[in-house]
1. Read through the list (1) open to solvent by less than 30 Å² (accessible area, probe 1.4 Å); (2) part of a loop (DSSP other than H, G, I, E, B), then give the number of the only condition that Glu192 fails.
2. Take the residues in region 4-20 that are among the small types (Gly, Ala, Ser) and either open to solvent by 60 Å² or more (accessible area, probe 1.4 Å) or in contact with a Leu (Cβ under 7 Å, 6 or more places away or on another chain) (or both), then tell me which one is nearest to Asp53 (Cα to Cα).
3. Could you tell me whether region 61-84 includes any residue that is closer than 30 Å to Trp27 by Cβ, at pLDDT 90 or above and in a loop (DSSP other than H, G, I, E, B)?
4. Just one of Leu167, Leu159, Leu176, Leu104 is touching a residue at least 60 places away in the same chain (Cβ under 8 Å) and surrounded by fewer than 20 Cβ atoms within 10 Å (Cβ to Cβ); which is it?
5. Of the conditions (1) within 26 Å of Leu12 (Cβ to Cβ); (2) touching a helix residue (DSSP H, G or I) at 6+ places or on another chain (Cβ under 6 Å); (3) at pLDDT 90 or above, Gly177 clears all except one; give me its number.
6. Restrict the check to region 289-303 and report whether at least one residue is in contact with a strand residue (DSSP E or B) (Cβ under 9 Å, 6 or more places away or on another chain), open to solvent by 70 Å² or more (accessible area, probe 1.4 Å) and assigned to a helix (DSSP H, G or I).
7. Condition first: part of a helix (DSSP H, G or I), among the polar types (S, T, N, Q) and modelled with pLDDT under 85. Now tell me which residues in region 4-21 satisfy that.
8. For Val283, indicate whether it is assigned to a helix (DSSP H, G or I) and either in contact (Cβ under 8 Å) with a residue 12 or more places away in the chain or among the aromatic types (Phe, Trp, Tyr) (or both).
Amino acid sequence: MERRSSATWLALCYGLLVVYASLYPFWPWRVPPSLPWPGMVGLPWPRYWGRFDIWANALGYWPLGLLAFGAVMRSGGRIAGALLLSMVGLPLLSFSMETLQYFLPGRVPSLADFLLNSAGAWLGALSAWGLHRFGGLARWTGWRERWFVPHSAGALALLALWPIGLLYPAPVPLGLGQLLPRLRELAGAMLENTPWQMTTDDLPIDLPLPPGLEAIAIAMGVLAPCLLALSVARPGKRRLALVIGAATLGMLGTAWSTLLNFGPDHVWAWLTPATAPGLGTGVLLAMLACWMSRRANAAWGLVVLTALIALVAEAPADPYLLENLQAWEQGRFVNLYGLAQWVGWLWPFAALAWLLYGVTQSDRPRQALHSIQDALPDEVVAPAAQSSHRALPGVAAPSPEVATPGAPLATGVDPRDRSHTSAVGENPEPTIKP
């Protein structure tokens, strides 16, 4: 069975970004009154276009072509299939998005956008082919095998999306997941002019978080991605590097978000008296978590994410930020900013789902396999083990010695991998020895 790659999840997320940016604001949909149906097959040449449009359309599809090619290759596909998806499928996606813009009055379909998108997808596919040709994908696979355990694609994709969520300013630094207040506003709008309409007395008063709770929220914000990374990281000193890297990336992402919204003079304005204790506490707890098991990190990650969502839901939005965002909402960055906002809202909930899935997984299939091997005769198990090791180049063949019941385990063997089923005619070994 092929291992699922993080490039697959990233390619899907980036594809959603392309759809979001192409069809925003998604309303209203209507059929053009003066355009015949055959005319929708062709795309018009734009009358006006700027330098930003050229770079945005060309470079916007370059990562998608790179990720699509890497997803196919990392999933066990062939080069022909990867090139077909990147160089034919992605231009078809671009053509579909441009055609759908006929039905959105606020969007203008363009042949130039389609050509630039196709060129960007081809450039990304050729870049990925070059990486594959000169061993770049193989080196990435080796690096991932040394740092992370198998089946960690979902966690790696979430970690790659975390800095994008930080681009939209959070109510507190690193405090993602403020979705519950938005749901409350949506429920209020839906219940308006009904018997269940919310009154002003029902609405909560937005008070700023006390400095202590703000520091705790910041600590939870930096601790959550660290625990997610540690839940799929292999034991060793590399875990400390992951913690330091995650904390540094979070600080740089928050600083970059502040720069985009308030200018370079206020890039470090988010460093309040409550920020330093929160960051320090979160990094310290993450370093201590490096000595815990992967499942323990996943379990504590659930607790930390739940506390983060609860604290961020009580934090009010910055009024100066809401006033400054009006310029963004009328500008060319609305698509990117809207996507960052959605990622920031949904990221903690997606991480919760992934960690919950990881905690509920058990090692029973692996233990059952060892129990079956122990029950088979040695004449059947030994040749099969030797042949399986000969199929892997560079791996030494196992020792032909067979462990007898009650004998000490060999070096490097996990005690959980040993079957507790005793042979026929022998007394079972006690689980807890005196």
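1. (1)
2. Checked region 4-20; the qualifying residue nearest to Asp53 (Cα to Cα) is Gly15.
3. yes
4. Leu104
5. (3)
6. Scanning region 289-303, I find at least one residue that is in contact with a strand residue (DSSP E or B) (Cβ under 9 Å, 6 or more places away or on another chain), open to solvent by 70 Å² or more (accessible area, probe 1.4 Å) and assigned to a helix (DSSP H, G or I), so the answer is yes.
7. Ser6
8. Yes; evaluated as a whole, the condition is true for this residue.
The values are calculated or read from the model by the stated rules, or taken from the named source; none is laboratory data. Treat the numbers as computed from the prediction; the structure is a model and nothing was measured. FYI the Cβ positions are ideal-geometry reconstructions off the backbone, even for glycines, and counts take in every protein chain you see. Only protein heavy atoms, including side chains, enter the accessible area calculation; ligands, DNA and RNA are left aside. Shrake-Rupley method; radii C 1.70, N 1.55, O 1.52, S 1.80 Å.
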